[in-house]
Amino acid sequence: MRQPTRNVFTASDVRAFDRRAIDEFSIPGIRLMHRAGRAAFDVLRSRWPDARAVSIVCGTGNNAGDGYVVAGCARDAGFDVQLVQVGDPERLAGEAADARGFAETRLGGRIEQTVDGWNIRGDVAVDALLGTGARGAIRTPYQAAIDRMNGAGVPILALDLPTGVDAETGGLLTAHPVQASVTVTFVAAKLGLVTGDAVDFVGELVVDDLDVPDGVYDRPGVRILDGAGLARLARRPGAHKGDFGRVLIVGGETDMGGAVILAGEAALRTGAGLVTIATRSVNRAAVLARRPELMVRGVDDADDIADLVGRASAIAVGPGLGRATGVPACSDPSRMPASPWWWMRTA
């Protein structure tokens with residue numbers, strides 16, 4: 001069942017959900033894999049209804065298993081299917097090996113092993129190379145497959161995540177990941193698909209929970225609010241700014257005060273009750289001239305904000321901080337948490 005991207009989880013959280021579905025709710029792993037492959041094929045047909053040929057590029061893990069199921073479904077639906085294997089198929093195990101067998105049966109054993117000169121022939125390419133467990137630099141055969149998909153001039157459907165994206169952090173494992181047109185991710189949205197550099201490669205994000213029971217989700221994840229969600233947030237009539245937390249923003253070196261102003265505006269717009277900017281004294285007038293609803297503390301010594309740190313609900317450190325070097329000027333470092341005040345120079 002397709003779900004909106006409302007809560008996101010770390011990749012390790014989602015792997016734990018998979019394991020709970022299998023171990024505690026007795027859903028065989030191969031059944032989840034078939035659900036994933038069929039869900040992805042449904043997305044492919046809905047997004048590109050005129051497609052009649054598909055190229056599916058598989059690696060050697062469970063992500064490949066999802067791709068093999070897509071291949072079998074596509075062949076059953078009358079598609080011309082190009083199924084390409086990257087890496088040694090002997091490394092396939094468990095459900096992924098079973099899924100390859102399913103595809104071989106449907107395709108009459110026609111699976112291409114990557115060799116120099118192969119090309120994408122389908123109207124749509126399906127990325128089933130690497131899944132959420134991928135770490136470290138992308139190896140040469142996989143990068144070559146990524147480059148062929150990206151260079152084919154056809155839309156790309158990524159299964160679970162685009163190859164080359166870190167599902168935990170949203171960082172990139174290569175300078176040139178798969179540039180997906182659509183990513184269909186399974187069970188729950190992964191944090192790495194909605195943050196960091198990854199957002200430029202995911203394309204449209206579709207979440208399918210594979211009909212796993214609600215009990216699988218034993219942790220809440222992180223809620224994502226879009227503009228409409230923020231507009232619907234209700235506050236009781238008697239509420240006041242003290243009910244909605246205190247944000248302290250630390251930054252704004254000399255000649256770099258704009259960043260803390262923008263950060264302060266963002267904190268106000270997203271609902272923080274009281275927002276204080278701790279910045280160099282020279283920036284104080286500019287902040288108040290632009291946003292008088294912000295509170296500003298001119299800071300020349302770490303002791304100047306010790307009281308603000310203690311009252312803050314959240315602290316943002318860094319906007320406009322620069323790279324100045326120096327030593328903390330706080331006379332009693334034990335009063336401060338792990339101090340960001342290395343940037344403060346002794347007067």
* Might you let me know whether the stretch 197-216 holds any residue that is open to solvent by 70 Å² or more (accessible area, probe 1.4 Å), closer than 17 Å to Ala11 by Cβ and in contact with a strand residue (DSSP E or B) (Cβ under 7 Å, 6 or more places away or on another chain)? => yes
* Looking only at residues in the stretch 25-48 that are free of Cβ contacts under 8 Å to residues at least 24 places away in the same chain and over 15 Å from Ala99 (Cα atoms), which one is most open to solvent (accessible area, probe 1.4 Å)? -> Ser26
* Filter result (at pLDDT 90 or above and buried (at least 17 other Cβ atoms within 10 Å of the Cβ)) within the stretch 104-130 -> Ile120, Gly122, Asp123, Val124, Ala125, Val126, Asp127, Ala128, Leu129, Leu130
* Asked: Any residue in the stretch 15-23 that is in a helix (DSSP H, G or I), out of contact with any strand residue (DSSP E or B) (no Cβ under 8 Å at 6 or more places or on another chain) and within 23 Å of Ala152 (Cα to Cα)?
  -> no
* Restricting the search to the stretch 231-256, which residues are surrounded by 15 or more Cβ atoms within 10 Å (Cβ to Cβ) and either in contact with a strand residue (DSSP E or B) (Cβ under 6 Å, 6 or more places away or on another chain) or polar (S, T, N, Q) (or both)? -> Arg246, Val247, Leu248, Ile249, Val250, Gly252
* Filtered residues of the stretch 281-304 (kept if among the basic types (Lys, Arg), assigned to a helix (DSSP H, G or I) and farther than 14 Å from Gly252 by Cα) -> Arg290
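The values are calculated or read from the model by the stated rules, or taken from the named source; none is laboratory data. The structure presented is a predicted model; accordingly, all values stated were derived computationally and were not measured. Reconstructed Cβ throughout: ideal geometry from the backbone, glycine too, with neighbour counts over all protein chains shown. The area values use the complete protein model at the heavy-atom level, side chains included, leaving out ligands, DNA and RNA. Shrake-Rupley method; radii C 1.70, N 1.55, O 1.52, S 1.80 Å.
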